Structures are given as structure tokens and as C-alpha cells.
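Trainee: Just dropping this structure here.
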Amino acid sequence: MDKLTEIAVQLAKLSEQLNALVASMDPALNDSNINIYERALMHIVAREGKKFTVYLDSLGKPTVGVGHLVKPEDNLKIGDTISASTAHNFLQNDALIAFEAATSQLNELGLNSTDFLIALTSVNFQLGTGWTKKFPKTWALIKQQRYEEAAKEAAKSVWYAQTPVRVKDF
């Protein structure tokens, strides 16, 4: 093998290693997660719906687009209307945060389940990435692989009273 071919082979191997390293560091960049992420997005949109006018959610919080909680920096108030593009940007940002948290939680559980990753993404999107602290009993039961008991615990929560379909999804 000539020197140029040898260098090309080494570069190809280094490129593969770098891609694997980047994918392990940022789950959103992992090709195998792209379809899972898109499925999670579809699930979120199906559950949340889309509203382009700012409204108060079931907790009385200003919300717009696909379940985006309005932040002060959004400069929006009740009744304001946003474009589909803005709604899409809010969704992408919010969903990526939820997906990354869900990936971390799935890793913490030592599981490799597409369906559970999608469910966790939805939970993180709806309740926020700190949901495990809001519902510590449910999270503890999940960590102990006591899924039936975790489901019963979640069914006793305020979360269930507000959105029972979401709890059943989970």
C-alpha cells in the first residue's frame, strides 16, 4: 500500500471514530435517533395540538404553538398571534431539550427502548425536565423496574387529573 492510500485509510478510520464520539456526546446528532426524534415530535404534536394565538393552559400559564410556555423573552401576551415558522422554532427548541433529558433518563435507567424514549420525551416536554423531582415516587418506582406500581402512582397525581391520556401514554 502506498503512503497516500495508507493516509486515506487512517483518515477514514479517524472520521468514523469522530462521528461515533460526536453521536455519543449529543444524542440528537445520532443518526439512529433521528427517526426516533421525529416520532417523538409527531407524538408531542398529536397530544398538544397547535394554537397560533397565545392562550392560558390548564394551569393558567400563557402558552402558544405546540405547548410552548411563553417566556418573558418571547415578548408575547394573551391574544398575540405567532407565525407557523415561529411555532416550529419553539417546538424544535422545546422538543430537543425534552428529547435530550429523556435520553439521559433512559440511560440512567439502563434501558434501550424506543417507545419508552418517546414516552419520556413527551413527559419531559409536558412537565419539564425536572419532572422526576416533582414526582419522585413515580421515578423511584420506575428506577426499581416496578412499572405497574409506577403507573398506579402516576394515576394518583395532579398530572393525571389534568391530562389522564398523557399519563396513560406513559
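The values are calculated or read from the model by the stated rules, or taken from the named source; none is laboratory data. Since the structure is predicted, the reported quantities are computational estimates derived from the model, not experimental observations. Note that we place each Cβ from the backbone using ideal geometry, even for glycine, and neighbour counts take in every protein chain shown. Surface accessibility is based on the protein's heavy atoms, side chains included, excluding ligands, DNA and RNA. Shrake-Rupley method; radii C 1.70, N 1.55, O 1.52, S 1.80 Å.
Trainee: Quick one: ranking Tyr55, Tyr147 by accessible area, 1.4 Å probe, largest first, what do you get?
Mentor: Largest accessible area first, the list is Tyr147, Tyr55.
Trainee: Going by accessible area, probe 1.4 Å, with all protein chains left in place, what is the ranking of His88, His43, His68, largest first?
Mentor: From most accessible down to least: His88, His43, His68.
Trainee: Could you give each residue of the range 61-71 its phi-based ³J(HN,Hα) in whole Hz, using Karplus coefficients 6.51, -1.76, 1.60 with θ = phi - 60°, and x for Gly or Pro?
Mentor: Karplus-based 3J(HN,Hα) across the range 61-71 equals 9, x, 9, 7, x, 9, x, 7, 6, 5, 9 Hz.
Trainee: Additional query: Please compare each pair in Lys50/Lys134; Lys50/Lys156; Lys134/Lys168; Lys134/Lys156; Lys71/Lys156; Lys61/Lys168 to a cut-off of 20 Å on the Cα-Cα distance and tell me which ones are over it.
Mentor: Working: Lys50/Lys134 26 Å; Lys50/Lys156 28 Å; Lys134/Lys168 18 Å; Lys134/Lys156 13 Å; Lys71/Lys156 30 Å; Lys61/Lys168 23 Å.
Violating the 20 Å Cα-Cα cut-off are Lys50/Lys134; Lys50/Lys156; Lys71/Lys156; Lys61/Lys168.
Trainee: Can you give the FRET efficiency to the nearest 0.05 for Val158 and Arg39, using r as the Cβ-Cβ distance and R₀ = 35 Å?
Mentor: Working from the Cβ atoms, E equals 0.80.
Trainee: Per the 1.4 Å probe, what fraction of the accessible area of the range 28-170, in percent, lies on carbon and sulfur atoms?
Mentor: With neighbouring chains kept in place, the figure for the range 28-170 is 53 percent.
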